[in-house]
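Let me begin by presenting the structure, written as structure tokens, before commenting on it.
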Amino acid sequence: MTLDDILTSLFPNGRSIETSGAMIAGRAVLPDGGSIHVLGLTQGEPLGLDEAIVLAGRVIQIVKSGDRAPILVLVDSASQRMTKRDELLGLSEYLSHLAKALLLAEAEGHRTVGLLYGGSAAGAFIATALATGTLVALPGAHPAVMDLPSMARVTKLPIDVLTAKAEATPVFAPGLDNMVMSGGIHIVWDDAAPLAPQLAALLRLPHGRDDRGRLGAERGGRRKAADLAERVEHAAASHQAA
């Protein structure tokens, strides 16, 4: 599906969304007549500090508006833009700022939903898609926190060793199926059906505590995360009580 196809299927009741380069931002109407904020990075472009600060600014403006409307973040990007300029100016801080802006929106009552419909990788994936409260995807999306050749360069392990580990451990491997098994992606929507009802159904689900660890355990792709998080929370609560 093209971006226009996706937006048409999501918002048959109308939308007002502007495009600036590879970024989009605006508002749309949900099936129940409610409003939803829409923003994102498109066209498979890398996420640099210029885009990150603009997107973060838009999220902060939404939070300041106080309307508590949900936020949909559309994602089709490359990795972060690793130019010398971006790195020297502190790209990691800009990406962190964007992620924290999305977390702030969630904490302030905006339901944040990421829709991965293309690619995304590394810091760009973490700062956009994974920073939303709930991440969904369309068939054909191809996420990767780090691809195997990059892992090989960082870990100094042979690519065949990493390939074998990826086949055995979903949390270790790139790709849509592995991200679903690890709980990072809540659900893959049916792109042969209208998307508006699927978004509406998602927004009706109870939401609060991050359930990615639980989903990963249930799906067998991330067996220890939920248990370890619960133990850390219990230990922290015990320490505060003492």
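Miscellaneous remarks
- Only residues that are in a loop (DSSP other than H, G, I, E, B) and at pLDDT 85 or above were counted in region 221-242, giving 0.
- Candidates in region 66-86 are the residues that are out of contact with any His (no Cβ under 9 Å at 6 or more places or on another chain) and more than 14 Å from ALA124 (Cβ to Cβ); of these, the one that is surrounded by the fewest Cβ atoms within 10 Å (Cβ to Cβ) is LYS84.
- Restricting region 190-225 to residues that are within 22 Å of LEU102 (Cα to Cα) and of a type in the set (A, V, I, L, M, F, W, C), the residue that is surrounded by the fewest Cβ atoms within 10 Å (Cβ to Cβ): LEU205
- Test: residue in region 131-153 that is crowded, with 17+ Cβ neighbours inside 10 Å, within 18 Å of ILE53 (Cα to Cα) and touching a Leu at 6+ places or on another chain (Cβ under 8 Å): yes
- Enumeration of residues in region 166-189 that are surrounded by 15 or more Cβ atoms within 10 Å (Cβ to Cβ) and either at positive phi or charged (D, E, K, R) (or both): GLY175, GLY183
- Candidates are the residues of region 82-139 that are assigned to a loop (DSSP other than H, G, I, E, B) and touching an Asp or Glu at 6+ places or on another chain (Cβ under 8 Å); the one that is farthest from THR2 (Cα to Cα) is GLY133.
The values are calculated or read from the model by the stated rules, or taken from the named source; none is laboratory data. Computed from a predicted structure; not experimentally measured. Because the Cβ atoms are built from the backbone with ideal geometry, glycine has one as well, and the counts that use them run over all protein chains shown.
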